[in-house]
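Derivation of every value follows stated rules applied to the coordinates shown; laboratory data play no part. No experiment lies behind these values; they were computed from the predicted model shown. For neighbour counting, all protein chains shown are included, and Cβ atoms are generated from backbone atoms with ideal geometry for every residue, glycine included.
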Amino acid sequence: MQDIEKLEGELLGEIGNITNLDALESLRISALGKKGSVSLMMRGLGQMDPAERQIIAPQLNKLKTTVGDAVDAAKARLHAAELDIKLAAERIDISLPARPETQGRIHPISQVMDEITEIFADMGFDIAEGPDIEDDFHNFTALNIPPEHPARQMHDTFYLPEKEDGSRQLLRTHTSTVQIRTMQSQEPPHRIVVPGRTFRCDSDQTHTPMFHQIEGLVIDKTSHMGHLKGVLVEFCKAFFEVDDVTMRFRPSYFPFTEPSAEMDIKCTFAGDHVKIGEGDDWLEILGCGMVNPRVLAHCGIDPNEYQGFAWGMGIDRIAMLKYGIPDLRAFFDADLRWLKHYGFVPLDVPTLGGGLSR
Ligand code: DAH
């Protein structure tokens with residue numbers, strides 16, 4: 001009887017002091033396992049006379065249950081403590097930024113191209129592209145600029161060395177080349193915008209030999225000048241992120257459109273800054289018109305059946321205007337400090353829903 005109480009006291013004491021699950025398991029085996037101290041005592045019951053056994057057996061059973069319960073309680077306590085330690089170690093600060101801000105920046109030209117293509121994609125335009133190195137036909141002849149045409153002089157073209165057959169490739173002077181490539185390779189109707197690099201032998205404060213344009217082309221059986229105007233008004237409002245833009249079309253001349261126009265928008269210059277949409281100055285932003293039937297014919301499209309409109313716009317200048325960037329040449333200096341100041345965070349992709357420039 002005394003032995004039983006003593007053993008119970010010892011075991012409960014040890015269990016109470018235990019600090020890890022492995023030690024608890026060894027202790028359980030040493031007490032309640034087949035050869036454990038409690039089990040050995042129970043085995044002793046066989047040798048007892050019935051009267052003694054009747055007294056001792058319930059005490060041993062109680063010992064077994066008490067020790068078993070104490071082991072279970074200790075197990076639960078140690079599991080809980082282990083979980084606490086794990087949770088403390090794996091704690092994360094959810095107020096930290098999701099990822100560190102990237103160092104790289106999107107160049108304002110790329111940003112503006114993304115903004116413009118987003119606006120026209122939303123109107124249902126496809127994005128088309130063409131090669132920087134072109135031939136005479138796509139850059140001039142097919143656009144109704146035949147060899148002796150004075151408009152060729154205005155383009156200050158970069159030519160590549162003459163080939164054996166006497167022809168010379170060139171760096172495209174405008175994105176209008178992709179009008180031709182699209183009309184030659186696909187069936188009408190067409191509805192495309194063409195962002196891309198263009199080249200002219202010209203360099204001063206407001207011109208760089210490489211610059212960027214975006215071209216638009218719509219060809220179907222019914223589109224007219226009114227649609228052209230509607231598309232451009234909607235574009236200007238979305239791009240300059242203003243509710244209203246006052247604009248005017250001035251009659252102009254381009255060999256590939258007839259009639260042709262240049263579009264100006266109202267603005268106010270205040271120091272470095274321009275306010276777009278209203279004011280007392282006019283800003284010329286693009287050339288446009290109804291596609292000349294001769295251009296359609298050059299591409300194998302019947303001008304009696306199809307018609308449409310086109311426009312072409314310099315990207316660099318409107319990027320300068322929208323983001324108040326004073327010097328065009330800095331665009332191409334590859335100066336990281338400049339890019340850090342004027343560039344855009346890569347994950348802020350311009351969308352009409354989420355905002356173009358934020
Ligand atoms: N290609 C012309 C240029 O570079 C711009 C242009 C004007 C494009 C009128 C057009 C247009 O498509 O219709 O100066």
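With θ set to phi - 60°, apply the Karplus curve 6.51 cos²θ - 1.76 cosθ + 1.60 along region 338-345 and write out the HN-Hα couplings as whole Hz, x wherever there is a Gly or Pro.
Coupling constants for region 338-345: 4, 5, 5, 6, 9, x, 10, 5 Hz.
Between Met154 and Asp327, what is the FRET efficiency for a Förster distance of 30 Å, r being their Cβ-Cβ separation, to the nearest 0.05?
After rounding to 0.05, the efficiency reads 0.75.
For region 2-89, what class follows from the C-alpha gyration tensor (a ≥ b ≥ c being the square roots of its eigenvalues): rounded when a/c is under 1.5, otherwise prolate if a/b is larger than b/c, else oblate?
Prolate, since a/c reaches 1.5 and a/b exceeds b/c.
For the chain, return all DSSP H helices satisfying: extent of Cα atoms along own axis at least 20 Å; mean Kyte-Doolittle hydropathy at least -0.5.
Those that clear 20 Å and a mean of -0.5 are 50-89, 108-122, 225-240.
To the nearest Å, what is the center-to-center distance of region 221-279 and region 299-358, using C-alpha atoms only?
A separation of 15 Å, based on Cα centres.
Which of Pro255, Pro58, Pro303 moves the most in a Gaussian network model of the chain with Cα springs under 10 Å?
Comparing Pro255, Pro58, Pro303 in a Gaussian network model of the chain, the most mobile one is Pro58.
In whole Hz and in residue order, list the ³J(HN,Hα) couplings for region 90-100 that follow from phi through the Karplus curve 6.51 cos²θ - 1.76 cosθ + 1.60, θ = phi - 60°; x for Gly and Pro.
9, 5, 10, 8, 6, 8, 6, x, 4, 8, x
Quick one: Cα centre-to-centre distance for region 35-76 and region 124-196, in angstrom?
If we compute the Cα centre of each part, the gap is 100 Å.
Taking a temperature of 4 °C and a viscosity of 1.567 mPa s, what whole-number D in µm²/s does Stokes-Einstein yield for the chain with Rh from Kirkwood over alpha carbon pairs?
In µm²/s, the coefficient is 48.
Considering only DSSP states other than H, G, I, E and B, which chymotrypsin sites (Phe, Trp or Tyr not before Pro) in region 170-240 qualify as loop sites with at most 13 other Cβ atoms within 10 Å?
Sites meeting the loop and neighbour criteria: none at all.
What value, in deg cm²/dmol to 500, does the helix sum -39500 (n - 2.57) over DSSP H runs of n ≥ 4 give at 222 nm once divided by the residues of the chain?
Dividing the helical sum by the residues of the chain leaves -12500 deg cm²/dmol.
Report the paramagnetic label zone for Thr141: residues of region 161-178 whose backbone N is under 14 Å from a point 7 Å from Cα along the Cα-to-Cβ axis.
Label zone hits: 165-170.
Can you pull the Rg over Rh of region 83-228, Cα-only, Kirkwood?
Radius of gyration over Kirkwood radius for region 83-228 works out to 1.24.
Label point 7 Å out from Lys221 along Cα-to-Cβ: which residues of region 281-310 have amide N under 17 Å?
Under 17 Å, as judged by backbone N against the label point of Lys221, lie 301-309 of region 281-310.
Hey, what did the chain get for relative contact order, percent, Cα under 8 Å, at least 6 apart?
Reported as a whole number, the value is 16 percent.
At R0 = 41 Å, how high is the FRET efficiency between Met123 and Lys163 if r is their beta carbon distance? Nearest 0.05 is fine.
0.50
Efficiency by 1/(1 + (r/R0)^6): what FRET value for Glu52 and Glu82, r their Cβ-Cβ distance, R0 = 41 Å, to the nearest 0.05?
0.40
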